[in-house]
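Q: Before I ask anything, let me first share the structure, which is written out below as structure tokens.
Each reported figure results from applying straightforward, stated rules to the coordinates on display, with no laboratory input. Note that the coordinates shown come from a computational prediction; the quantities given were computed from them, not determined experimentally. Cβ coordinates were reconstructed from backbone atoms using ideal geometry, including for glycine residues, and neighbour counts include every protein chain displayed.
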Amino acid sequence: MASQAQKVRVTKRFTFEMAHALRCHDGLCAHIHGHSYVLDVTLLGTPMDEPGHPKDGMVIDFADLKAIVKRTVIDRYDHALVMHERDRGSVDAGDPLFGRTLFTPWQPTCENLLLDGVERLQAALPVGVVLDTVRLQETATSWSEWRSDGR
């Protein structure tokens, strides 16, 4: 098919639950609280043109994309508490209640979580597939977005 020589964007949506607290924040987000995150991952590539190949006509198999995102982002953050590493002393590491606590060297804002996810995804994608856009929605009305073109 002639259109297969053209670039195509494909997007898959993911959801996960995560809690965080924003160190030194001047509002309610300074307290531990959680969100139901929505992560949209958009890839750019040329659909495969290999008749008879199981991935013919695809930029990436959605099942493969799902496995990559699960391994690099979802498994790390789903049902975790994410806090700045300077707050490590405020959590009892031996208490099972805090068994999925992650400490980061950066403020765990929606923006920084997005950038961390972008970095993890870029390192895991197959050759020939480009990460185009990633959108991390924190609430029904708030999200951050990264685009490969910097816009």
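Q: Report yes if R135 is basic (K, R) and more than 13 Å from the chain's Cα centre (by Cα), otherwise no.
A: Criteria not met by R135.
Q: Here are some residues: A80, A67, A93. Which one is out of contact with any helix residue (DSSP H, G or I) (no Cβ under 8 Å at 6 or more places or on another chain), crowded, with 16+ Cβ neighbours inside 10 Å and small (G, A, S)?
A: Just one listed residue meets the conditions, A80.
Q: So for segment 59-73 (the condition being farther than 22 Å from T141 by Cβ, small (G, A, S) and within 13 Å of the chain's Cα centre (by Cα)), does at least one residue qualify?
A: yes
Q: Given (1) under 15 Å from L39 (Cβ atoms); (2) in a helix (DSSP H, G or I), identify the lone condition not met by V82.
A: Answer for V82: the failing condition is (2).
Q: OK, next. Which condition breaks for V129 when tested against (1) under 13 Å from the mean Cα position of the chain (by Cα); (2) under 18 Å from L43 (Cβ atoms); (3) surrounded by 15 or more Cβ atoms within 10 Å (Cβ to Cβ)?
A: With (1) under 13 Å from the mean Cα position of the chain (by Cα); (2) under 18 Å from L43 (Cβ atoms); (3) surrounded by 15 or more Cβ atoms within 10 Å (Cβ to Cβ) applied to V129, the lone miss is (1).
Q: Would you pick out the residues in segment 86-122 that are touching a residue at least 40 places away in the same chain (Cβ under 8 Å) and either touching a Gly at 6+ places or on another chain (Cβ under 6 Å) or of a type in the set (G, A, S) (or both)?
A: G117
Q: Follow-up question, since we're still on this one. Taking segment 34-56 as the search range and keeping residues that are out of contact with any helix residue (DSSP H, G or I) (no Cβ under 9 Å at 6 or more places or on another chain) and surrounded by 16 or more Cβ atoms within 10 Å (Cβ to Cβ), which one is nearest to I74 (Cα to Cα)?
A: V38
Q: Okay, next question. Hey, does segment 16-35 have a residue that's within 19 Å of the chain's Cα centre (by Cα), farther than 16 Å from P108 by Cα and in contact (Cβ under 8 Å) with a residue 12 or more places away in the chain?
A: So far as segment 16-35 goes, no, none of its residues is within 19 Å of the chain's Cα centre (by Cα), farther than 16 Å from P108 by Cα and in contact (Cβ under 8 Å) with a residue 12 or more places away in the chain.
Q: Still on this model: If the requirement is being of a type in the set (D, E) and within 15 Å of the chain's Cα centre (by Cα), which of these qualifies: E119, E85?
A: E119
Q: If I filter segment 123-137 for residues that are β-branched (V, I, T), closer than 20 Å to K12 by Cα, outside any helix (DSSP H, G or I) and without any contact (Cβ under 8 Å) to a residue 60 or more places away in the chain, do I get at least one hit?
A: Yes.
Q: What number goes with the only condition from (1) among the β-branched types (V, I, T); (2) over 17 Å from the mean Cα position of the chain (by Cα); (3) within 24 Å of R13 (Cβ to Cβ) that T101 does not pass?
A: (3)
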